Amino acid sequence: MDFSRPQLTDDDQAFLDEARTFLATHVTEEVKRRDRETGDNFDEGVHLALGAAGYLEAEWKTEADGGFSRVRRRIWELEKRRAHVPWVTWGTTAMVARSVDKFGSSELRDEVLPGVFSGHVRLCLGYTEPEGGSDVATCKTRAVRDGDSWIINGSKMFTTGAHNCQYVFLITNTDPDARKHKSLTMFLVPLNTPGIEIQGLRTVDGDRTNIVYYSDVRIDDKYRLGEVNGGWTVLREPLNVEHGAVDADPDGLQDVSIMMHQANFMAEAVDKAGAVVGRSGRIDDRAVAYRLGRAAARVEASLSAPSIFGRVALAQTMRDISPDLMDLLGSASALPIGTDGSIDEGASDYIYRFAPLVGIYGGTLEVFRNMIAQYVLGLGKPNYSPPVVKTS
Ligand SMILES: Cc1cc2nc3c(=O)[nH]c(=O)nc-3n(C[C@H](O)[C@H](O)[C@H](O)COP(=O)(O)OP(=O)(O)OC[C@H]3O[C@@H](n4cnc5c(N)ncnc54)[C@H](O)[C@@H]3O)c2cc1C
């Protein structure tokens, strides 16, 4: 593996300087404070500024279509991560926009895509339902055809960002009698349609997500993506992207797994803990040095684990090392970010509360471990049936 620092051309160095200045100007301490308060992981002012400066479009498009070159894309991703740009809603928007581009009518593409690039149109994911999310195909939200329209009834759990978005990428059931993968139809539902109610939910780390109710929501057929009952074909690609089941190019200019943005918080927490311990002189205590070293080594190993292995390793590492870091730092580490007296700027407390969620959204660790067992190791499908009781 080549760990050397890449030599940037003068143009790419200028791009890096410009990106840093732009992010420092827009992602202010005030933006970060507001984001912690709302839990939105989205800031409209920053998002619109990114759109106006052309960054959203350049990020979304391939180099051949006028987007960033590979090197600039890498620079941009890393700088955004370092600057702590609120990222969730752009992530869902970019992903869903690809499905709109691929499966939407030209009328729908024209309605949606220019606004995606300017930042005025944002898109969220309406997959999970109150009765379960791991098996997304088991969908009870119904869409029934009525002439040129559809009427939708049901509810969706954890529709993150819905209150900051204009459309939801919604899985519906259009044929309850069919086999589950043949019963689904996808829609891009405008969130200002009458009959939609969005209720906020706060998670343990302070993030906000939503439950969304759909009561007799009437939308035009132009909002359908793909064929009726062909929703699984539309869904497969964004699900693969979300699950990280897409190989990184071998040029070293791409994250090797998903959830690297989240992992950055973990790497920063270890650095901050190291600085505190170093200043205190406690690094001379071999037990302290060992536990800190183990945390740092586990972070490095998880950052190098590719594809779906990385997704499991990152979340599991965050779960395992965060209590250890807090223990090393003492009770002042329980004070959250932005609190006077916090020993590590709240970094280890944040990842401690964040870690359970990182192992749930986009597919739980249990589901991912099963995927590795079944599809990579060839161990067959897990059997959850109760053990056979011998009667004689
Ligand atoms: C912060 C946050 C944000 C989210 N954002 C979104 C969003 O924007 N849009 C959206 O649609 N969803 C979102 N989700 C939902 C997320 O995708 C689901 O929570 C996740 O897929 C798990 O579904 P569930 O919570 O319904 O758990 P369930 O599927 O009910 O699972 C319950 C338990 O059973 C285990 N389990 C289930 N199936 C299996 C299996 N086959 N093998 C082994 N164990 C299994 C799970 O691991 C889990 O421990 C979000 C969730 C969180 C926490």
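Identify all residues within the stretch 340-367 that are farther than 21 Å from Ala267 by Cα and either in contact with a Cys (Cβ under 7 Å, 6 or more places away or on another chain) or more than 9 Å from the ligand (Cβ to nearest atom) (or both); write none if there are none.
Answer for the stretch 340-367, where residues must be farther than 21 Å from Ala267 by Cα and either in contact with a Cys (Cβ under 7 Å, 6 or more places away or on another chain) or more than 9 Å from the ligand (Cβ to nearest atom) (or both): Asp340, Gly341.
Count, please, the residues in the stretch 227-255 that happen to be crowded, with 16+ Cβ neighbours inside 10 Å, under 20 Å from Val100 (Cα atoms) and acidic (Asp, Glu).
Result for the stretch 227-255: 1.
For the stretch 43-75, enumerate the residues that are over 21 Å from Gly115 (Cβ atoms) and either surrounded by 19 or more Cβ atoms within 10 Å (Cβ to Cβ) or under 20 Å from the mean Cα position of the chain (by Cα) (or both).
Selection gives Arg72, Arg73, Arg74, Ile75.
Taking the stretch 112-134 as the search range and keeping residues that are surrounded by fewer than 17 Cβ atoms within 10 Å (Cβ to Cβ) and closer than 18 Å to Leu239 by Cβ, which one is modelled with the lowest pLDDT?
Gly132
When you go through Ala178, Ala137 one by one, which is the residue that is more than 30 Å from Met266 (Cβ to Cβ), modelled with pLDDT under 95 and not in a strand (DSSP E or B)? Lay out the reasoning, then the answer.
Values: Ala178 fails: modelled with pLDDT under 95.
Criteria check complete, one pass: Ala137.
Scanning the stretch 276-290 for residues that are at pLDDT 90 or above and among the β-branched types (Val, Ile, Thr), which turns out surrounded by the fewest Cβ atoms within 10 Å (Cβ to Cβ)?
Looking at residues that are at pLDDT 90 or above and among the β-branched types (Val, Ile, Thr), I get Val288.
From the list Val96, Val71, Val46, which one is touching a residue at least 12 places away in the same chain (Cβ under 8 Å), in contact with an Asp or Glu (Cβ under 6 Å, 6 or more places away or on another chain) and not basic (Lys, Arg)?
The unique qualifying residue is Val71.
Taking helices (runs of 4 or more DSSP H) that fall entirely within the stretch 304-392, which contain at least 2 residues that are modelled with pLDDT of 90 or more, aromatic (Phe, Trp, Tyr) and open to solvent by less than 50 Å² (accessible area, probe 1.4 Å)? Walk me through how you get there before you give the answer.
Numbers: elements: 307-329, 347-358, 365-371.
Because the criterion is at least 2 residues that are modelled with pLDDT of 90 or more, aromatic (Phe, Trp, Tyr) and open to solvent by less than 50 Å² (accessible area, probe 1.4 Å), the helices (runs of 4 or more DSSP H) in the stretch 304-392 that meet it are 347-358.
Report the residue count in the stretch 270-284 for those that are closer than 19 Å to Met318 by Cβ and charged (D, E, K, R).
Residues that pass the stated criteria total 2.
Across the stretch 76-111, which residue is most open to solvent (accessible area, probe 1.4 Å) among those that are within 16 Å of the ligand (Cβ to nearest atom) and hydrophobic (A, V, I, L, M, F, W, C)?
Trp87
Listed here are the residues, each with its yes/no results for (1) assigned to a helix (DSSP H, G or I); (2) in contact with a Lys or Arg (Cβ under 7 Å, 6 or more places away or on another chain); (3) open to solvent by 40 Å² or more (accessible area, probe 1.4 Å).
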| site | (1), (2), (3) |
| --- | --- |
| Val204 | no, yes, yes |
| Asn210 | no, no, no |
| Ser257 | no, yes, no |
| Gly274 | yes, no, no |
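Going by the conditions given, is Thr160 in contact (Cβ under 8 Å) with a residue 24 or more places away in the chain, assigned to a loop (DSSP other than H, G, I, E, B) and open to solvent by less than 70 Å² (accessible area, probe 1.4 Å)?
yes
Determine whether the stretch 60-71 contains at least one residue that is among the aromatic types (Phe, Trp, Tyr), within 16 Å of the ligand (Cβ to nearest atom) and part of a loop (DSSP other than H, G, I, E, B).
Within the stretch 60-71 (the criterion being among the aromatic types (Phe, Trp, Tyr), within 16 Å of the ligand (Cβ to nearest atom) and part of a loop (DSSP other than H, G, I, E, B)), the answer is no, since none of the residues qualifies.
Residue by residue through the stretch 107-126, note down the ones that are in contact (Cβ under 8 Å) with a residue 60 or more places away in the chain and part of a loop (DSSP other than H, G, I, E, B).
Gly119, His120, Arg122
Scan the stretch 322-353 for residues that are in contact with a helix residue (DSSP H, G or I) (Cβ under 6 Å, 6 or more places away or on another chain) and basic (Lys, Arg) and jot them down.
Matches in the stretch 322-353: none.
The values are calculated or read from the model by the stated rules, or taken from the named source; none is laboratory data. Note that the structure is a prediction, hence the values are computed from the model and not measured. A quick note on method: Cβ atoms are made from the backbone with ideal geometry, for glycine too, and the neighbour counts reach across all protein chains shown. SASA here: full protein model, heavy atoms, side chains in, ligands and nucleic acids out. Shrake-Rupley method; radii C 1.70, N 1.55, O 1.52, S 1.80 Å.
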